[in-house]
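For reference, the structure is listed below as structure tokens.
The values are calculated or read from the model by the stated rules, or taken from the named source; none is laboratory data. Because the structure is predicted, anything quoted here is derived from the model rather than measured. Note: ideal-geometry Cβ built from the backbone for every residue, glycine included; neighbour counts use all protein chains shown. Side chains included, ligands, DNA and RNA excluded: accessible areas come from the protein's heavy atoms. Shrake-Rupley method; radii C 1.70, N 1.55, O 1.52, S 1.80 Å.
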Amino acid sequence: MGVPSLCSPPPLSSIQRVINAALEEDLAYGDLTSSLLIPPTLLARAEIIAKGHMIVAGVAVARRVFHSVDSTIALTTHIDDGTMVRPSTPILTMKGSAQSLLQGERIALNFLQRLSGISTLTHQFCEAVRDYPVAIVDTRKTTPGLRALEKWAVRLGGGKNHRFSLHDGI
């Protein structure tokens, strides 16, 4: 597997593997609270909104999370990955089964928060050295299973990727 292009997300197969692992971890035995307290026919609308100034990363992943939970969820993307936003900016709106929205929300938010944090911090580092002939470059020291996503977030923040794995450099 080569290094992905500048700011395209990792291959769908890589994203889906990580999402499947997260869903297995969180929903392997179902959602007891939702199944006991929320009627299965109840429909809901939810919105993910930025809480601070940031470079958004992970919208593509969040969309896949919700569609992996329930393919009938309607999603409206307001912001593309790599966009700098202000607080209170809507990022993603979801409509569908309330149970399904609740089952996907924590996983989707975890990905969005982690990846947006990486892209935002990378952007801050890049801004701090923009007047110098240097580049901010990442490492292979990534969270197990999240390397492709974390390196993508670095690129979205303006950084560069170093080695992707042991095969592409000495």
Within the range 86-102, work out how many residues are farther than 18 Å from SER71 by Cα and either in contact with a helix residue (DSSP H, G or I) (Cβ under 9 Å, 6 or more places away or on another chain) or in a loop (DSSP other than H, G, I, E, B) (or both). 5
Could you figure out which of (1) open to solvent by less than 50 Å² (accessible area, probe 1.4 Å); (2) more than 25 Å from ARG147 (Cα to Cα) isn't true of SER14? (2)
Say whether the condition of being under 22 Å from TRP152 (Cα atoms), in contact with a strand residue (DSSP E or B) (Cβ under 8 Å, 6 or more places away or on another chain) and part of a strand (DSSP E or B) is met by at least one residue in the range 54-66. yes
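So in the range 28-48, with the set limited to residues that are assigned to a loop (DSSP other than H, G, I, E, B) and of a type in the set (A, V, I, L, M, F, W, C), which one is surrounded by the most Cβ atoms within 10 Å (Cβ to Cβ)?
Residues of the range 28-48 that are assigned to a loop (DSSP other than H, G, I, E, B), as a first pass: 28-31, 38-42.
Narrowing further to those that are of a type in the set (A, V, I, L, M, F, W, C): 28, 38, 42.
Values: ALA28: 7, ILE38: 16, LEU42: 12.
Once the filter is applied, the top-ranked residue is ILE38.
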Answer yes or no as to whether ALA22 is assigned to a helix (DSSP H, G or I), surrounded by 11 or more Cβ atoms within 10 Å (Cβ to Cβ), in contact (Cβ under 8 Å) with a residue 24 or more places away in the chain and touching a Pro at 6+ places or on another chain (Cβ under 9 Å). no
Could you tell me how many of the residues in the range 103-158 are surrounded by fewer than 18 Cβ atoms within 10 Å (Cβ to Cβ) and not in a helix (DSSP H, G or I)? 15
Do the conditions hold for ARG64, that is, is it of a type in the set (Lys, Arg), touching a His at 6+ places or on another chain (Cβ under 7 Å) and modelled with pLDDT of 95 or more? no
Among the residues of the range 159-170, write down those that are small (Gly, Ala, Ser) and surrounded by 15 or more Cβ atoms within 10 Å (Cβ to Cβ). GLY159
Given (1) surrounded by 12 or more Cβ atoms within 10 Å (Cβ to Cβ); (2) assigned to a loop (DSSP other than H, G, I, E, B); (3) touching a Ser or Thr at 6+ places or on another chain (Cβ under 9 Å), where does LEU75 come up short, assuming only one miss? (2)
